Amino acid sequence: MQRLNGFVARRTRRPTSALAEDVSALGPEARAAAVYVWTRRSLNESASVSLAERLAANVGEAGLDSPLARAMHGAFVRLGEDEASHVFDANEVLAALGQGAPPNEVELRAAGSSPLSQLVHDVAVGLFLCESVSASRFASVWAATDLPAFRERIGVFLRDEIAHAALGRHVLPLVLAAYERRVGPNEARRFVTTSLETATAELVAIVAQGTALVDLPPPRPQPTGNPGIVEPAADARALYRTLERTVQPFLGSLVTGNMHTSS
Ligand SMILES: [Fe+2]
Ligand SMILES: [Fe+2]
């Protein structure tokens, strides 16, 4: 519970640098690529806001009335505030690039048959998996981004996504234990495993464009004068890094029954 309260109380950092100078340094190709990538980023962050809202709603609906559940609710509200500020930051970048903001309401698919199973799904897929992948992707983008105002913004995203991924690692065993009490360990673990494997296959199709790790070209330096963009192979490597270091060990621990995701 202390960790959840710590997540809520952690310091908010906001970007302070002006974007105009960095934007004026962009050539037409880098500018077009920046519009594409930051529009995708804005949409992804809007989806994260919707996810945080659904997490907060379902933790109340799931019948987990306890101080721990209330602390989780507070953490999900803070998560939503972080994600809303990321939407704001991405849209601010788009405005500096002379581009309008994309729609900020993203509809999420439903995946569970009850508030608790939806909560378990969203914690496993939306927080544990997607936030871990997001943190890993932002880490490689941050390393490649050399225009200072863009770099500052990617750094803010990166710090938050690392905290969100840690929240996912902490909360997943808690909601899974509650779900095991409700439906039994076998059914609960089958549901989490299927949810994670399905979402992993979707991420491999979208982020890695279906390319296996062994078929990716070797890493190479990314372009300079960079407004927060990496080539698709760098994103794919970030995805595979997370699957190997975070997701596969957790799936293995579900088989052995020896769960230890919290770090
Ligand atoms: Fe975010
Ligand atoms: Fe996030």
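Worth pointing out:
- The residue that is modelled with the highest pLDDT, among those in region 91-109 that are of a type outside the set (D, E, K, R) and closer than 13 Å to residue 47 by Cα, is 102.
- Scanning region 1-47 for residues that are assigned to a helix (DSSP H, G or I), small (Gly, Ala, Ser) and in contact (Cβ under 8 Å) with a residue 40 or more places away in the chain returns 20, 30, 33, 34, 42, 46, 47.
- Number of the exception - residue 191 against (1) surrounded by fewer than 20 Cβ atoms within 10 Å (Cβ to Cβ); (2) more than 16 Å from ligand 2 (Cβ to nearest atom): (1)
- Total residues in region 83-96, condition more than 13 Å from ligand 2 (Cβ to nearest atom) and either over 30 Å from residue 28 (Cα atoms) or crowded, with 17+ Cβ neighbours inside 10 Å (or both): 4
- Looking across 13, 3, 70, 31, one residue alone is under 24 Å from the mean Cα position of the chain (by Cα) and closer than 24 Å to residue 137 by Cα. It is 13.
- Only one of the numbered conditions (1) within 18 Å of residue 41 (Cβ to Cβ); (2) touching an Asp or Glu at 6+ places or on another chain (Cβ under 7 Å); (3) surrounded by fewer than 20 Cβ atoms within 10 Å (Cβ to Cβ) is violated by residue 224, and that is (1).
- One residue stands out among those in region 39-67 that are over 16 Å from residue 127 (Cβ atoms) and within 16 Å of ligand 2 (Cβ to nearest atom): the one that is surrounded by the fewest Cβ atoms within 10 Å (Cβ to Cβ), which is 40.
- Just one of the numbered conditions (1) within 19 Å of residue 54 (Cα to Cα); (2) within 16 Å of ligand 2 (Cβ to nearest atom) is not true of residue 153: (1).
- Those helices (runs of 4 or more DSSP H) lying entirely in region 49-166 with at least 3 residues within 30 Å of residue 21 (Cβ to Cβ): 67-96, 130-144
- Residue 257 meets each of the listed conditions (1) more than 19 Å from the chain's Cα centre (by Cα); (2) surrounded by fewer than 20 Cβ atoms within 10 Å (Cβ to Cβ); (3) within 30 Å of residue 34 (Cα to Cα) apart from (3).
- Criterion applied to 120, 106 was being under 18 Å from the mean Cα position of the chain (by Cα), more than 16 Å from ligand 1 (Cβ to nearest atom) and either surrounded by fewer than 19 Cβ atoms within 10 Å (Cβ to Cβ) or within 24 Å of residue 178 (Cβ to Cβ) (or both), and the one residue passing it is 120.
- Odd one out for residue 80, checked against (1) in contact (Cβ under 8 Å) with a residue 40 or more places away in the chain; (2) in contact with a Ser or Thr (Cβ under 9 Å, 6 or more places away or on another chain); (3) within 16 Å of ligand 2 (Cβ to nearest atom); (4) not aliphatic (A, V, I, L, M): (1)
The values are calculated or read from the model by the stated rules, or taken from the named source; none is laboratory data. As the structure is a computational prediction, the values presented were derived from the model and not from experiment. Don't worry about glycine lacking a Cβ; one is built from the backbone with ideal geometry, like all the others, and counts go over all protein chains shown.
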